[in-house]
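Computed from the coordinates by the stated procedures, all read-outs in this text should not be read as laboratory data. Everything numeric here is computed off the predicted structure, so don't read it as measured data. Neighbour counts run over all protein chains shown; Cβ positions are idealised from the backbone, glycine included.
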Amino acid sequence: MKFIPENVWKYLSVKLPVLGAFLLGVLPVLIQEGINTQLIPTEYHALLLSVVLPALAYIGRKIAQPQLHNQSLGFAAITAGHSNTDPGAVNGKIKEADLVVNFRNAVTHYLREAGLQVKTDGTGTKNDPLSAAVKLIKGSSVAVEFHMNAAASKQANGIETIALPRDKKLAQDLSKAVADALGSRLRGDNGWIDQSKSARGRLAYVNAGGLIVELGFISNEDELARFNARYWLAAKAVAKVLINYEKGA
Ligand SMILES: [Zn+2]
């Protein structure tokens, strides 16, 4: 026999029968001692306990305790690249940091709607710097940060996710979700870029176990227009990949 290393008292299926045993078994005896009259005739004791206690255990097992399940899942860290003071790549008046903040907010919305715990590097237009995003990775079950690429050539295009080899599958799934929603192509190994092969070299965020999704090229007018028109769809698809990942599917 092997014991589960956890505190069982958080479960209603344990708490309710114990409470029932006290109310039916112990409390009447204490009261009877005081008033000198029998509250529950002896012949009913066994019947009451054998019916009520299993019923309480059943009810306790059926009542949903969602807070217990969220704890065991950990949380998803969802962050936006750059910060309120660092705009990232720029195309005219359009800033990478603003686009990825919108994307972060949309993904967060869909994840929370599905009941997942999410930690972000800000809400609304707030976008904390990289140091804050890296800190969120610790304790998370999955950590994803969004960026947009930029290149001197306006033709450069496509979606890629930079991640450690252990996250290759998740990286490919995330890139495909974005590419399908935006009508873009995949870069790298079916959307995955091993950071050891990345032109940017080792990234602190990826080294700490996070994944960086490049949502397209801000420098490519066509890709930028498709991003602006459909980023909600891409965010919904990304959230779906993360929800399945969290559920172990
Ligand atoms: Zn960036």
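Odds and ends about this structure:
- FRET efficiency, Lys240 to Leu19 (Cβ-Cβ, R0 45 Å, nearest 0.05): 0.65
- Helix-only CD estimate at 222 nm, as mean residue ellipticity for the chain, using -39500 (n - 2.57) per DSSP H run (n ≥ 4): -15000 deg cm²/dmol
- GNM on the chain, alpha-carbon springs under 10 angstrom: the most fluctuating residue among Ala181, Ala46, Ala76 is Ala46.
- Helix axis angle, 168-182 relative to the chain longest principal axis, alpha carbon, degrees: 70
- Full-extension gain in nm, Ser50 to Arg112, via 0.36 nm per residue minus C-alpha separation: 18.1 nm
- Of the beta bridges in the chain, as assigned by DSSP with both residues counted there, near 25 percent are antiparallel.
- The stretch 97-249: C-alpha gyration tensor shape, a/c 1.5 cut-off, then a/b vs b/c: rounded
- Counting only alpha carbon atoms, the long axis of helix 221-246 and the longest principal axis of the chain meet at about 30°.
- Inter-site label distance for Leu39 and Phe3 at 7 Å from Cα along Cβ, in nm: 3.3
- Look at the alpha carbon pairs under 8 Å that are at least 6 residues apart: their mean separation over the length of the chain gives a relative contact order of 19 percent.
- Contact order relative to length of the stretch 59-162, as percent, for alpha carbon pairs under 8 angstrom and 6 or more apart: 36
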